[in-house]
Amino acid sequence: SSAGVVGGASFTGATVSAGGIVSLFGTGLSSGTASAASLPLPTILNKTQVMVNGATAAPLFYVSPTQINFEIPWEVLGQPQIQIVVTSGGILSIAETIPLAPLGPGIFTINSSGTGPGAIQIASGANAGAFAQPAGSIPGAAAQPVTRGQYITIYCTGLGNVTPQPADGAAAGSSTTLQPVTVTLGGSVLPSTQFDFAGLAPGFVGLYQVNAQVPAIAATGPAVQLFLTIGGVQSNTVTIAVQ
């Protein structure tokens, strides 16, 4: 689809960046549905392949007739635009040229649309692992408002280059972002002293996480707004529950 290559978290074209998770939409992209079963990610799923700049095969998370989820290879870091071609069963799509952002922060959301409640978990205390959302609001998953003073883990993508840089499609170790990240919660920027980690989520591909402590004076409520900023670029705005 024209303009059908978007950041995998915010679903906007402005958040496509090297090393990040991206979704591609179209028709006839694959003869069926398939998901990667192990790491490192494969570059071919169900005879479907995504080629970047004609030479690099992108690691694939998922393919279907209308959507492909993949990682933008690190090799294109610093380039202003890239060309994408999908090959399915030996048949090539029309090439699509898309802009590449140095930084394209996007926070994942519960509804997978880039809006509403964020995919943000409580990282400390008795409720560690629960989503920081109103209790009972997520079918099949634990949810509980985060308490002031607790840490949260914000799952996102598009935070740019990291050190050390993992291989394409390989599980990350403990790679941190090269640029500092800020979190704005309820209209207030969290102090830098309340950050614990910002980088690739260990054991995952293209998934970043930011760990931060909710201030003692944070705004409270079932839908407190939160967004990230890195290198002057702001992410999508999501919500969390704070008590």
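The values are calculated or read from the model by the stated rules, or taken from the named source; none is laboratory data. Owing to the predicted nature of the structure, the values given are computational and were not obtained by experimental measurement. In this analysis, Cβ positions are derived from the backbone assuming ideal geometry, glycine residues included, and neighbour counts consider all displayed protein chains. For accessibility, only protein heavy atoms count, side chains too; no ligands or nucleic acids. Shrake-Rupley method; radii C 1.70, N 1.55, O 1.52, S 1.80 Å.
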- Members of region 198-217 that are in contact with a strand residue (DSSP E or B) (Cβ under 8 Å, 6 or more places away or on another chain) and more than 22 Å from Q150 (Cβ to Cβ): L200, V205, G206
- Residues located in region 194-228, provided they are among the hydroxyl-bearing types (S, T, Y) and either at positive phi or open to solvent by 30 Å² or more (accessible area, probe 1.4 Å) (or both): T220
- For region 11-45, how many residues are surrounded by 14 or more Cβ atoms within 10 Å (Cβ to Cβ), of a type in the set (S, T, N, Q) and within 23 Å of E75 (Cα to Cα)? 5
- Scan T48, T87 and give me the residue that is surrounded by fewer than 18 Cβ atoms within 10 Å (Cβ to Cβ), over 24 Å from G232 (Cβ atoms) and not aromatic (F, W, Y). T87
- Message: Considering only residues that are at pLDDT below 95 and surrounded by fewer than 15 Cβ atoms within 10 Å (Cβ to Cβ), which ones fall in region 117-172?
- Response: G125, A126
